[in-house]
Structure formats: structure tokens, C-alpha cells
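Structure first, then comments.
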């Protein structure tokens, strides 16, 4: 499945669960995840969306590691079947 379609499904499911999936843009700091997921009350994580079977680039992996070292959750989503599990996990953080 295309990255765009997976990303649209993610946004739709997050909204159904009372949250928002903000497009995360960081000018001058490439490699950051695509989406910042915010779910009440105070649950958040970053999600890197990829087309089915695709992997993050080297710089993206480096940024994910940096965020995880800082204590943030970072998910790589490349299959729409993962969406429910990711949302459930974010809500339990």
C-alpha cells in the first residue's frame, strides 16, 4: 500500500480515538518522523509512515534513536494493520 494511503488511515483512526495526528515538519532538521500523535489525556508519540515494506533512511533511523534516547516513543508504520496496535499502545503510555 502507498505511504499516502497508510498515512490517511492513521489520521482517520487517531481522530476516531479522540486524538489528532499532526503533520510534523521541522525545517532545518531533516529526518524527523512524519506525524506527531496526540491522544487525551497527555499521551503522545511520533510515527514515521512508510509504504508497505519500505524502511526508514539512515538519517531517519538516527533521528528516531535520538528521540527514543530522550524518552519519546517512535513507531515506524508500513502496514495499515499496525495502526490499531500503535494507537492502543500510545493510549497506555
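The values are calculated or read from the model by the stated rules, or taken from the named source; none is laboratory data. No experiment lies behind these values; they were computed from the predicted model shown. Ideal geometry is used to build each Cβ from the backbone, glycine not excepted, and the neighbour counts take in all protein chains shown.
Results, tabulated for the structure shown:
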| quantity | calculated |
| --- | --- |
| Qualifying residues in the stretch 17-26 (those that are at pLDDT 95 or above and farther than 14 Å from residue 90 by Cα) - the one surrounded by the most Cβ atoms within 10 Å (Cβ to Cβ) | 22 |
| Unique match (being surrounded by fewer than 16 Cβ atoms within 10 Å (Cβ to Cβ), touching a helix residue (DSSP H, G or I) at 6+ places or on another chain (Cβ under 7 Å) and at negative phi) among 40, 45, 51 | 51 |
| Flag if residue 61 is exposed (fewer than 12 other Cβ atoms within 10 Å of the Cβ) and under 14 Å from the mean Cα position of the chain (by Cα) | no |
| Close pairs from the stretch 11-36: first on the phi > 0 side of the Ramachandran plot, partner surrounded by 14 or more Cβ atoms within 10 Å (Cβ to Cβ) and outside any loop (DSSP other than H, G, I, E, B), Cβ under 7 Å, at least 6 apart | 18/39; 31/60; 31/63 |
